[in-house]
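The values are calculated or read from the model by the stated rules, or taken from the named source; none is laboratory data. Keep in mind it's a predicted model, so treat the numbers as computed, not measured. As a convention, Cβ positions derive from the backbone with ideal geometry for all residues, glycine included, and neighbour counts pool all protein chains shown. Keep in mind that these areas ignore ligands, DNA and RNA; they rest on the heavy atoms of the full protein, side chains included. Shrake-Rupley method; radii C 1.70, N 1.55, O 1.52, S 1.80 Å.
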Amino acid sequence: GKYKILTKDPAGREVAPTDTLSCNATFFDRHQRIKVPMIAAKITQEEKDATRATVDEDRKHAIEAAIVRIMKTRKSLDHQKLVLEASTQLMRHFKPDPKQIKKRIEDLIHREYLERDPSNPNLYKYLA
C-alpha cells in the first residue's frame, strides 16, 4: 500500500511553491522497505525548444568534425561512402540523419573545406 512518509501543508495532490513539506517523524514500519520517488519538474515548451536548439547546434559541429576527419585521411571520397562512414563514426553518440549530413557537406563545400570533383559531382575532395 501507500505510506505517508511526507506530510504536506495544505493537504492535496498538487504541489505549489507556497506549500510546505515535512518528514513524518511518527512513521515506522520494520517489515517494509520504502523507496521515495523524486518529483519530476515540469518542463516548459520554451525550455524544450531551447534544449533542442542547443543539441542540434552541437550535433552540427559533431557531424562537420566527423566529415573533416574522414576527408583529411581519405583526401577524396564519393558521397555514399562519406555519408556511410560519417554515420558509422557518429552512431556511438547519436543517430545522424543522412539529410543533416548532406546539409553539413554542402556547408563545408560553401566554406571551402571540401570541393566537388569537376568530372564527377558525386566525388568530394578535401581542401587543406
Point to revise | Candidate set: the stretch 70-121, residues that are touching a residue at least 24 places away in the same chain (Cβ under 8 Å) and open to solvent by 100 Å² or more (accessible area, probe 1.4 Å); chosen: the one nearest to residue 52 (Cα to Cα) | key: 93
Point to revise | Condition broken by residue 43, with the remaining ones in (1) open to solvent by less than 100 Å² (accessible area, probe 1.4 Å); (2) farther than 30 Å from residue 107 by Cα satisfied | key: (1)
Check your understanding: What are the residues in the stretch 50-87 that are within 24 Å of residue 117 (Cα to Cα) and either touching a Leu at 6+ places or on another chain (Cβ under 7 Å) or of a type in the set (Val, Ile, Thr) (or both), if any?
Key -> 63, 64, 66, 67, 68, 70, 71, 73, 76, 78, 83
Practice item. Write out, first by first residue and then by second, each pair whose Cβ atoms fall under 6 Å of each other, whose residues are 6+ apart or on separate chains, and whose first residue, in the stretch 24-45, is under 15 Å from residue 6 (Cβ atoms) while the second is open to solvent by 100 Å² or more (accessible area, probe 1.4 Å). Key: 24/4
Practice item. Can you confirm whether the stretch 51-66 contains a residue that is closer than 30 Å to residue 9 by Cβ and surrounded by 10 or more Cβ atoms within 10 Å (Cβ to Cβ)? Key: no
